[in-house]
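These notes are about the structure you will find just below.
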Amino acid sequence: MTWFTKTRVTASIAGVAAAGLLLAGCAGGNSADSNSAAENSKFVYITSDPIGQNEFLRSGKTGIDTVAEKHDGEAVTYESKDDATRRANLEQAVAEQPAVVVMLGFQFADLAKEFAEQYPEQKFLLIDTFVEGAPENLYQATFREQEPSYLLGVEAALLTKQNSVGAVLSVDNDLLRKYSDGFAAGAKSVTADINALEPQIIGGENPFADTARAKEQAIAYVSTTATDQVFAVGAAANGGIMEAAAEKGFFAYGVDANQCGMAPGHVVDGTLKAVNKVVETVVGEILEGKSNPEATSSFGLAEGGMNVVSLADGADDSGCVVMEHPEVLKQVKEVAEKIKSGDIKVTEKSGS
């Protein structure tokens, strides 16, 4: 059964079944909607995994709810848990003929292209990954995760006592490597000979939410490398890495939201990924009638799609360790401005 929640609407099992029949009835055609996006008032958001404590996925729901409120429409959120439910959720979404279907996560790459080609009149937005050869109705938006990660690397290099920095990633892929590579590049910009370690991979059956395994991997990592600065890129699994930091006395850096409160005194800072801003921006552009090439497709520090906790609103009350080091924070602010202006260019492979 598909995992789903709905906002501003209550759906019965019979309603879902009816949606399935509607899809079956139009399976022979290529058009999912005869109306333009601007004429619709429903917006569907589909997650790659259950939202739970995943701040990344929560941010997307905030964005779709805001869009619906702004346009006096209806926001629908479908939560997935595997490939089968992602496909089922997409089938339900196109059957409802919304203005825009928003998908969040690299797991949707193949499905997004497949459905966009099958339903050319339906507008789709894929966030957090890029598909080559996508049709015009598939809008795509990615983040420059390497930019805020670079700032954290600057902090780590200024705070390390071991001249060593590292990272723990949920999985080993190009997307998460943008974090660890950016982190390494930022550290090397401060100290050229710093030891930027190869990341540790959480792995397992549930790498984005398995806190126990994440904790074990983090402890093993610092025990064998003796690093004292670890970038935790484990999504909801970060809770385990923060526990390890508190127990073993190393410093960690969070991801997607302010995670400094998870292990007070041991979390230096963290990246912020404003999925809500991307949803609001690009869906708004679609409703305005902007074509795929005209829409915003890359979000970093300059666009407000990425940031670090220490430079965001409320930083003084964040509980992050870096706030106790004004000299470090001053340097981070200067580097951030140079990245925004283009004086410093942080490429995806800059830490390689």
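So if I check each of Lys330, Lys290, Lys273, which one is of a type outside the set (Asp, Glu) and modelled with pLDDT under 95?
Result of the check over Lys330, Lys290, Lys273: Lys273.
Residues checked against (1) farther than 30 Å from Ser41 by Cα; (2) surrounded by 20 or more Cβ atoms within 10 Å (Cβ to Cβ):
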| position | (1), (2) |
| --- | --- |
| Ala93 | no, yes |
| Leu125 | no, yes |
| Pro135 | no, no |
| Gly153 | yes, yes |
| Asp172 | yes, no |
| Val190 | yes, no |
| Asp193 | yes, no |
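Return yes when Gly284 is under 20 Å from the mean Cα position of the chain (by Cα), surrounded by fewer than 18 Cβ atoms within 10 Å (Cβ to Cβ) and either assigned to a strand (DSSP E or B) or modelled with pLDDT of 95 or more (or both) and no when it is not.
Here the answer is yes, as Gly284 does meet what is asked.
Sort through Thr296, Thr224, Thr271 and tell me the only one that's of a type in the set (Ser, Thr, Tyr), out of contact with any Gly (no Cβ under 7 Å at 6 or more places or on another chain) and assigned to a helix (DSSP H, G or I).
Thr224
In the set Glu91, Glu96, Glu114, Glu55, which member is without any contact (Cβ under 8 Å) to a residue 24 or more places away in the chain and either acidic (Asp, Glu) or within 28 Å of Gly133 (Cβ to Cβ) (or both)?
Step by step, each of Glu91, Glu96, Glu114, Glu55 is checked, and only Glu114 is without any contact (Cβ under 8 Å) to a residue 24 or more places away in the chain and either acidic (Asp, Glu) or within 28 Å of Gly133 (Cβ to Cβ) (or both).
Quick test for you: out of Ser318, Ser297, pick the one residue that is polar (S, T, N, Q) and more than 21 Å from Asn54 (Cα to Cα).
Among Ser318, Ser297, only Ser297 is polar (S, T, N, Q) and more than 21 Å from Asn54 (Cα to Cα).
Go over the candidates Ala167, Ala209 one by one and state the one that is in a loop (DSSP other than H, G, I, E, B) and in contact (Cβ under 8 Å) with a residue 60 or more places away in the chain.
Ala209
Is it true that Ala246 is surrounded by fewer than 20 Cβ atoms within 10 Å (Cβ to Cβ), modelled with pLDDT of 95 or more and on the phi < 0 side of the Ramachandran plot?
Yes, satisfied.
Output the residues belonging to the range 64-87 that are farther than 14 Å from Val102 by Cβ and outside any helix (DSSP H, G or I).
The answer is Asp72, Lys81, Asp82.
Can you confirm whether the range 307-327 contains a residue that is under 19 Å from the mean Cα position of the chain (by Cα), among the β-branched types (Val, Ile, Thr), assigned by TED's automatic domain parsing to the domain that holds Tyr150 and part of a helix (DSSP H, G or I)?
yes
I'd like the residue in the range 100-110 that is touching an Asp or Glu at 6+ places or on another chain (Cβ under 8 Å) and not in a strand (DSSP E or B) and, out of all such residues, is farthest from Asn292 (Cα to Cα).
Across the range 100-110, the extreme among qualifying residues is Gln107.
Is it true that Ala185 is more than 22 Å from Phe56 (Cα to Cα), free of Cβ contacts under 8 Å to residues at least 24 places away in the same chain and out of contact with any strand residue (DSSP E or B) (no Cβ under 7 Å at 6 or more places or on another chain)?
No, not satisfied.
If you check Glu348 against the conditions, is it among the acidic types (Asp, Glu) and assigned to a loop (DSSP other than H, G, I, E, B)?
Answer is yes for this residue.
Return the only residue of Leu126, Leu90, Leu152 being under 22 Å from the mean Cα position of the chain (by Cα) and part of a strand (DSSP E or B).
Exactly one residue qualifies, and that residue is Leu126.
Residue check, Glu294 against (1) surrounded by 20 or more Cβ atoms within 10 Å (Cβ to Cβ); (2) of a type outside the set (Phe, Trp, Tyr); (3) free of Cβ contacts under 8 Å to residues at least 60 places away in the same chain; (4) not assigned by TED's automatic domain parsing to the domain that holds Ala167, all met but one. Which one?
Every listed condition holds for Glu294 apart from (1).
The values are calculated or read from the model by the stated rules, or taken from the named source; none is laboratory data. Since we're looking at a predicted model, the values are computed, not measured. All Cβ positions, even for glycine, are placed from backbone atoms using ideal geometry, and neighbour counts span all protein chains on display.
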